[in-house]
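The values are calculated or read from the model by the stated rules, or taken from the named source; none is laboratory data. This structure is a prediction, so every number in the text was calculated from the model and none was measured. A quick note on method: Cβ atoms are made from the backbone with ideal geometry, for glycine too, and the neighbour counts reach across all protein chains shown. To get the accessible areas, we keep the full protein, side chains included, count just its heavy atoms, and leave off ligands, DNA and RNA. Shrake-Rupley method; radii C 1.70, N 1.55, O 1.52, S 1.80 Å.
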Amino acid sequence: MGLFSFGSKKNKIIKMLSEGELEKILHSAAKDPKYVDAIVELLNEENPGIRGDALLLIGELIIRHKELMMPYVEEGLPLIVLSLINDPDPYVKENAMQSFETMLRYFPWVGEKFKNEMTSLLLEILQTGDKNRKAFAILMLGRLKVKEALPVIEEFRNISDTVILPLEGIKWVPLGEIAEKVIKELGGEVDD
């Protein structure tokens, strides 16, 4: 399964994306792993629309064809997707958030396998990201049970700015409320 195997389907997928044929791409990927290789390769494209679409496809492939995606996840795909959360394009950022959350849901062992690398990336997002990225990082640090992050997360407990995340039930929620929830989950002291 080389990521850049001979006979890449990259250009074919780009054409299919431009024609709105996402279902056709997903169907082709289920039959031929070269399509999956090409989708992963598209995460490096300059065009943010293509990067965002590739992330969308990856999330769908994980949901529909978990076994097919297992080798990619084992080789570090979650780290690539997590790094794209810092992308300046909102479409890429939001699809990266959704795909990363999907990976953690469908492959719970990922959190243990890549814990150090993920923790490092998430702490970096907490320092440099906007409020939505910070909220996402806090939630994922909670999901990964990174107790060492408690002192950093506690710095956000009194922030009333609301955030919008592309995850279920997290629209217009104060950042401090998310921090409090995660502090409680990680066993930290909660304000009353």
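Structural remarks
- Placing a label point 7 Å from the Cα of D161 along the Cα-to-Cβ line, the residues of region 126-143 whose backbone N sits under 11 Å from it are 128-135.
- ³J(HN,Hα) computed for each position of region 83-95 - Karplus, 6.51 cos²θ - 1.76 cosθ + 1.60, integer Hz, glycine/proline x: 5, 6, 5, 7, 4, x, 7, x, 5, 5, 4, 5, 5
- Long-range HN-HN contacts of V173 with modeled amide H, under 5 Å: V163
- Taking a ≥ b ≥ c as the square roots of the eigenvalues of the Cα gyration tensor, region 8-107 is classed as oblate, since a/c reaches at least 1.5 and a/b does not exceed b/c.
- With an a/c value of 1.5 or above and a/b not larger than b/c for the gyration tensor axes a ≥ b ≥ c computed over the alpha-carbon atoms, region 88-182 is described as oblate.
- Sum of side-chain charges, L61 neighbourhood, beta-carbon under 13 Å (Lys, Arg +1; Asp, Glu -1): -3
- Computed from Cα atoms, the angle from the helix 48-64 axis to the main principal axis of the chain rounds to 90 degrees.
- Nearest-ten-degree value, helix 175-185 long axis tilted from longest Cα axis of the chain: 90
- Take region 8-107 with all the other protein chains still there, run a 1.4 Å probe, and you get 43 Å² of accessible area per residue.
- Summed over qualifying helices (DSSP H, 4 residues or more, each -39500 (n - 2.57)) and divided by its residue number, the chain shows a 222 nm mean residue ellipticity of -19500 deg cm²/dmol.
- Computed Rg/Rh of the chain, alpha carbon atoms with Kirkwood Rh: 1.01
- Neighbour net charge for N86 - beta-carbon separation under 9 angstrom, K R +1, D E -1: 0
- Extension gain from E46 to K181, taking 0.36 nm per residue of separation minus the Cα-Cα distance: 44.9 nm
- Residue ranges 105-112, 92-99 sort as 92-99, 105-112 when ordered by packing (mean number of other C-beta atoms within 10 Å per residue, highest first).
- Remark: for residue pairs K113/K171; K9/K181; K113/K184; K34/K147; K145/K171; K24/K134, the C-alpha separation exceeds 32 Å in K9/K181; K34/K147; K24/K134.
- What a 1.4 Å probe finds exposed on the chain is 52% carbon and sulfur by accessible area, rounded to a whole percent.
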